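The values are calculated or read from the model by the stated rules, or taken from the named source; none is laboratory data. It should be emphasised that the depicted structure is a prediction, and the values quoted were computed from it without experimental measurement. Here the Cβ is made from the backbone with ideal geometry for all residues, glycine too, and neighbour counts use every protein chain on show. For accessibility, only protein heavy atoms count, side chains too; no ligands or nucleic acids. Shrake-Rupley method; radii C 1.70, N 1.55, O 1.52, S 1.80 Å.
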Amino acid sequence: MRNFEFYTPTKVIFGKDTHLQAGELVKEQHCKKVLVHYGGQSARKSGLLDEVFHSLDEAGIAYTELGGVVPNPRLSKVYEGIELCKKEGVDFILAVGGGSVIDSGKAIAYGLANPDIDVWDLYAKKTTAKACLPVGAILTIAAAGSEMSNSSVITNEKGWLKRGYNDDLCRCKFAILNPRLTYTLPQYQTESGCVDILMHTMERYFVNVETMEMTDSISESLMQTVIYNARILMREPGNYNARAEVMWAGSLSHNGLTGCGTGGGDWACHQLEHELGGMFDVAHGAGLAAIWGSWARYVYQENPDRFAQFATNVFDIPYDGLSPETTALRGIEAMEEFYRSIQMPTNLRELGLELTDEQIHQLAFKCSFEDTRTIGMFKQLNMKDMEKIYAMAR
């Protein structure tokens with residue numbers, strides 16, 4: 001059992017119509033002016049933005065706005081936000097959207113609080129942040145878990161590099177979680193989000209070290225809950241209870257809870273997918289689903305008992321009389337069958353990518369930081385390993 005630290009300072013306001021409390025929650029932060037940061041036009045067309053603006057007006061909070069955040073949020077939008085906030089005297093960021101919007105808001109907050117550095121240098125691992133402007137979130141997509149995590153992921157259009165930066169400084173002061181705000185999501189986006197939630201726990205679960213039974217049980221229960229409700233949402237996209245279960249699971253999966261005592265997690269699949277997202281702009285959860293099975297088959301023999309435990313405790317696959325290797329493979333197959341049941345890809349071809357050998361080499365070259373690092377904790381992967389996994393996933 002390993003030592004661990006668990007730090008989750010974000011105040012969560014969960015339930016129907018909770019977004020109407022935005023003004024009072026921002027007022028508690030004693031700020032002078034807010035940037036309301038959002039994505040496309042759905043937040044405006046649905047009336048959500050007008051309700052948020054009205055709530056801020058009632059609380060006497062001045063604000064400006066910046067939309068246009070896209071999936072795999074762009075560094076150029078972050079720079080635009082930093083300059084706007086400097087001009088307007090903004091001292092609080094309110095992100096209205098999913099993980100992309102929240103991550104973009106966090107990056108803007110870093111840039112404002114660290115004016116002596118280029119904010120990209122944080123994501124390029126050239127420096128660390130000394131401060132971060134306060135951030136709040138109104139979540140509209142259950143997926144990334146950024147509303148309660150210490151992470152932010154940004155894509156630099158120069159080289160199409162998708163990189164993450166983790167620091168407790170960026171944790172949201174509050175997160176408003178209203179499951180009804182996710183009703184209008186397309187099915188593909190909803191189910192892609194469910195995969196992302198699962199993977200945030202699976203990355204922490206699949207480690208090749210002794211773990212805590214309590215943490216394992218929480219992780220396995222969370223995974224079962226997401227799998228069960230993801231299937232419900234395929235049939236009943238307007239099911240409030242299923243939406244609520246998935247939304248809360250998304251926050252718990254990435255706030256550090258399922259990593260207590262696991263040594264930090266593996267994260268190889270996320271690193272591999274980041275390059276797919278950077279080069280091909282694919283949906284993050286779908287990209288994870290497309291790569292996971294190949295990664296799992298490549299590494300499971302390092303500790304087949306761990307995969308066998310996953311098969312038995314998450315998918316109820318009997319262990320009696322079977323070798324751990326056989327049980328492990330059945331668990332991998334069960335997860336892939338689940339992905340298919342929610343119309344998620346299980347390989348890169350199903351993701352819509354027909355990769356050449358040169359593209360696979362380029363992906364591995366970027367993921368290995370030009371052949372200077374390894375990734376993964378379950379099994380350390382070098383650049384050649386990465387190439388093999390990408391090739392297996394074709």
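Only aspartates and glutamates eight or more places from Lys45 in sequence, or on another chain, were considered; none has a Cα closer than 12 Å.
The calculated 222 nm mean residue ellipticity attributable to helices in the chain amounts to -15000 deg cm²/dmol, summing -39500 (n - 2.57) over DSSP H runs of n ≥ 4 and dividing by all residues.
Roll a 1.4 angstrom probe over the protein heavy atoms and tell me the percent of accessible area of segment 56-190 that is carbon or sulfur.
Looking at segment 56-190 in its full context, I get 52 percent from C and S.
One equal scatterer on each Cα of segment 1-141, no solvent, Debye formula: the resulting log10 I(q)/I(0) at q = 0.11, 0.17, 0.21 Å⁻¹ is -0.41, -0.93, -1.34. Of the GluC sites (Glu not before Pro) found in segment 333-394, those in coil by DSSP whose Cβ has at most 11 other Cβ atoms within 10 Å are Glu354, Glu370.
Suppose we look only past 37 Å in the calculated P(r) of the chain. What percent of the Cα-Cα pairs does that tail hold?
Values: 14135 of 77421 pairs.
I get 18 percent for the Cα pairs in the chain exceeding 37 Å.
Electrostatic tally near His37: other residues with Cβ closer than 11 Å to its Cβ, Lys and Arg +1, Asp and Glu -1, net -1.
For the chain, a Gaussian network of Cα nodes joined below 10 Å ranks Gly287, Gly193, Gly68 by mean-square fluctuation, and the top entry is Gly68. Which aspartates and glutamates, if any, have their Cα less than 13 Å from the Cα of Lys126, not counting same-chain residues under 8 positions apart? By straight Cα distance, Lys126 reaches Asp118. Across all directions, the shadow cast by the convex hull of segment 1-54 built on its C-alpha atoms averages 6.5 square nanometres. With Cα atoms as the point set, the radius of gyration and Dmax of segment 145-291 evaluate to 15.3, 44 Å.
Per-residue packing, averaged as other Cβ atoms within 10 Å, sorts the ranges 41-48, 84-91 into the order 84-91, 41-48, beginning with the highest. Accessible surface for segment 34-148, divided over its residues, is 36 Å² per residue with a 1.4 Å probe.
By DSSP, the beta bridges lying fully in the chain are antiparallel in about 25 percent of cases. The order of the peptides 96-105, 257-266, 25-34, 12-21 by mean Cβ neighbours within 10 Å, most packed first, is 96-105, 257-266, 25-34, 12-21. How far is helix 213-235 tilted off the main Cα axis of the chain, in degrees rounded to 10, range 0 to 90? That helix lies at roughly 80 degrees to the long axis. Volume of the convex hull of segment 127-170 (Cα atoms only), normalised per residue: 102 Å³. Against the longest principal axis of the chain, how steep is helix 304-315, in degrees 0 to 90 to the nearest 10, with axes from Cα atoms? The two axes meet at around 60 degrees. Here the Kirkwood formula, the inverse mean of 1/r across different C-alpha pairs, assigns segment 230-297 a hydrodynamic radius of 14.1 Å. Of the listed pairs Lys27/Lys162; Lys11/Lys86; Lys130/Lys388, which have alpha-carbon separations greater than 29 Å here? Pairs exceeding 29 Å: Lys27/Lys162; Lys130/Lys388.
Taking R0 as 30 Å, what's the FRET efficiency between Leu20 and Glu88 from their Cβ-Cβ distance, rounded to 0.05? It comes to 0.75. Between the Cα long axis of helix 324-341 and the first principal axis of the chain there is an angle of about 40°, rounded to the nearest 10. Counting only Cβ charges, +1 for Lys and Arg and -1 for Asp and Glu, the dipole size of the chain around its Cα centre is about 620 debye.
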